[in-house]
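Student: Here it is: the structure, laid out below.
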Amino acid sequence: MKKEQVVHCQFSVWYPLFRAVTIRSVILPLPDNVKEYLLDDGTLVVSGREDPPSHAEEGSDNAEEIQWSDDENTTTLKAPEFPEFTAKVQEAISSLGGSVFPKLNWSAPRDAYWIAMNSSLKCKALSDIFLLFKSSDFITRDLTQPFIHCTDDSPDPSLDYELVLRKWCELIPGAEFRCFVKENKLIGISQRDYTQYYDHISKQREEICRSIQEFFKKHIQYKFLDEDFVFDVYRDSRGKIWLIDFNPFGEVTDSLLFTWEELTSGTNLKGDQGEGEATEQDSPVFRCTNSEVTVQPSPYLSYRLPKDFVDLSTGEDVHKLIDFLKLKRNQQDDD
């Protein structure tokens, strides 16, 4: 995988070429001070609030409650503000219907969905986006190691980071597919959410494969800037195919139900089709989860906080909270 291939998969590079077959989006330059804020390892303090909290009036009960310490060394954490950028983001969100799916040049914060109040990547304000971005390893990798798996020794290309806001659409995970292209030929199609079994995929695999092939030949083939690449699609309830994203053809991209050894060498890609799929010589291999026996846990679960920590922070498990308080009291007694 070359660095040039990674550059070509940036959203702002491919979106103008395929605007007609993908979800409507807005691209905003990411200011340097916002990038610094996202990379700050300090305490997570979310900026970009649409409605800043009102200050308690002097003399009120609330004002008394917030006087936690008289220590002169006590410092109050305050999130930086980006008024101009916040206004542009809010205007873009409004133009896209009020809810968006956020990402950077390449990645979306899929590993951080659990931290959002709605356990979703659906955002309505910059504060929602910041919360996801600052909690995401995928976003950090975009900002710090975009060429980590590249094999060429050429200098890293200069990058202009961007915030991508995509109109929010309720996409069904069982209708997403990842497609692998080598030398401008579609060689493999994988169920995107491979951790789950979807009965309709097994029953409609030939029809799904055929519709994706037709979409590829009509809209994608020979139009992308590289001959080796990966693209994601969504098949809606009417059978129409929508382009979702492009990714580099290499280890930085999840190969899902394939292995990169198979994809790069072509090993085991022949004779893998079901009945009726191998009628065409260049027919891609289609893979899906064939039974509930092969269902796996979500790969994003490893990014979540331990369940005990979540239970303590939310108070959902009273017994754990009581045990924790007793432990703290015993520690204080020992001191």
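The values are calculated or read from the model by the stated rules, or taken from the named source; none is laboratory data. A quick note: this is a predicted structure, and the numbers were derived from the prediction, not measured. Don't worry about glycine lacking a Cβ; one is built from the backbone with ideal geometry, like all the others, and counts go over all protein chains shown. In case anyone asks, the SASA skips ligands and DNA or RNA and just uses the protein heavy atoms, side chains included. Shrake-Rupley method; radii C 1.70, N 1.55, O 1.52, S 1.80 Å.
Student: Just to be sure before I move on: is residue 173 at pLDDT below 95 and under 18 Å from residue 107 (Cα atoms) in the structure I sent? I'd like the intermediate steps shown before the answer.
Tutor: Numbers: at pLDDT below 95: yes; under 18 Å from residue 107 (Cα atoms): yes.
Yes, satisfied.
Student: Taking interchain pairs and intrachain pairs at least six residues apart, which have beta carbon atoms under 7 angstrom, with the first residue in segment 104-127 and among the acidic types (Asp, Glu) and the second not in a loop (DSSP other than H, G, I, E, B)?
Tutor: 111/137; 111/138; 111/300; 111/303
Student: Given the condition surrounded by 15 or more Cβ atoms within 10 Å (Cβ to Cβ), within 20 Å of residue 22 (Cα to Cα), not assigned by the TED database to the domain that holds residue 103 and not polar (S, T, N, Q), answer yes or no: does some residue in segment 182-190 qualify?
Tutor: The answer is yes, given that some residue of segment 182-190 is surrounded by 15 or more Cβ atoms within 10 Å (Cβ to Cβ), within 20 Å of residue 22 (Cα to Cα), not assigned by the TED database to the domain that holds residue 103 and not polar (S, T, N, Q).
Student: Which members of segment 148-170 meet the condition of being β-branched (Val, Ile, Thr) and either modelled with pLDDT of 95 or more or not assigned by the TED database to the domain that holds residue 35 (or both)? Talk me through it step by step, then tell me what you get.
Tutor: From segment 148-170, those β-branched (Val, Ile, Thr) are 148, 151, 164; that's our starting set.
The answer is 164, and nothing else.
Student: With the condition kept exactly as written, say whether any residue in segment 128-147 is modelled with pLDDT under 95, surrounded by fewer than 16 Cβ atoms within 10 Å (Cβ to Cβ) and assigned to a loop (DSSP other than H, G, I, E, B).
Tutor: yes
Student: Restricting to segment 101-117, name every residue that is over 18 Å from residue 146 (Cα atoms) and open to solvent by 20 Å² or more (accessible area, probe 1.4 Å).
Tutor: 101, 113, 114, 115, 117
Student: Inside segment 150-172, can you point out the residues that are open to solvent by 60 Å² or more (accessible area, probe 1.4 Å), of a type outside the set (Ser, Thr, Tyr) and closer than 28 Å to residue 1 by Cα?
Tutor: 153, 155, 156, 160
Student: Same structure again: Could you grab the pairs with beta carbons closer than 8 Å, sequence gap of 6+ or different chains, first residue in segment 185-211 and free of Cβ contacts under 8 Å to residues at least 60 places away in the same chain, second one assigned to a strand (DSSP E or B)?
Tutor: 193/176; 211/235; 211/241
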